[in-house]
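A.B. asks: Provided herewith is a single structure, encoded as structure tokens, for subsequent inquiry.
Rule-based calculations on the coordinates, nothing more; no lab input. Computed from a predicted structure; not experimentally measured. All Cβ positions, glycine included, derive from the backbone under ideal geometry; neighbour counts span all protein chains shown.
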Amino acid sequence: MTEIADLQNRRLAEQERIRYLLNSARAEEEASLKGGLDTVAWVKEEQCIGCDQCTIVCDDDAIELFDAPLSSPILDIDVNKKARVLRDPCTGCKLCVLACPTDAIVMIDR
């Protein structure tokens, strides 16, 4: 019969294996992102939820939130915020892309 300590050890080993695989996948994704002075961030408005995470991490003050009309016939909300990237101050550092919970920000060529 399997002991509880054996199960706990197997569980820890499996957690470590999964964490390693997820970290490897994340590192590959981050490495494949464009970046640098020849790129600029772009916000896909339809995916932006206005959470303000991108403006918090942007060291260049290159992102602002603006009011946008809500395109939902069901919800009636007065204020609906979306992010907008200011091209000139954006340095292409990719911090906003990594911080966005909905993958609404991508890097494009200037």
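A.B. asks: Would you mind working out the magnitude of the charge dipole of the chain relative to its Cα centre, with +1 at each Lys and Arg C-beta and -1 at each Asp and Glu C-beta, to the nearest 20 Debye?
C.D. replies: Dipole magnitude for the chain comes out near 280 debye.
A.B. asks: Using modelled amide H (1.01 Å from N, peptide plane; none on Pro or chain starts), what sits under 5 Å from the amide H of ILE63, excluding residues fewer than 5 places away?
C.D. replies: Those lying under 5 Å, H to H, from ILE63 are LEU86.
A.B. asks: Skipping prolines and chain starts, which residues have an amide H placed within reach, meaning under 5 Å, of the one on ASN80, given they are 5 or more residues away or on another chain?
C.D. replies: ALA68
A.B. asks: Could you derive backbone 3J(HN,Hα) for region 12-17 from the dihedral phi with the Karplus parameters 6.51, -1.76 and 1.60 (θ = phi - 60°), listing whole Hz in sequence and x where the residue is Gly or Pro?
C.D. replies: Values per residue, Gly and Pro as x: 4, 5, 5, 4, 5, 4 Hz.
A.B. asks: Which of rounded, prolate, oblate describes the chain, given a ≥ b ≥ c as roots of the alpha-carbon gyration tensor eigenvalues and a/c under 1.5 marking rounded, otherwise prolate only if a/b is larger than b/c?
C.D. replies: Because a/c hits 1.5 or more and a/b fails to exceed b/c, the chain counts as oblate.
A.B. asks: While we're here: At 0.36 nm per residue, and after removing the present C-alpha to C-alpha distance, how many nm does the segment from ASP78 to GLU28 gain when stretched out fully? Could the numbers behind the result be given before it?
C.D. replies: Working: separation 50, 0.36 × 50 = 18.00 nm, distance 4.04 nm.
Using 0.36 nm per residue and subtracting the Cα-Cα distance, I get 14.0 nm.
A.B. asks: With θ set to phi - 60° and the Karplus curve 6.51 cos²θ - 1.76 cosθ + 1.60, what are the ³J(HN,Hα) couplings of region 73-85 in order, to the nearest whole Hz, using x for Gly and Pro?
C.D. replies: Computed from phi, the couplings for region 73-85 are x, 8, 8, 10, 10, 6, 10, 10, 8, 9, 8, 9, 9 Hz.
A.B. asks: Moving to a separate point now. So how do 2-15, 31-44, 53-66, 76-89 stack up, highest first, on mean other-Cβ count within 10 Å?
C.D. replies: 53-66, 31-44, 76-89, 2-15
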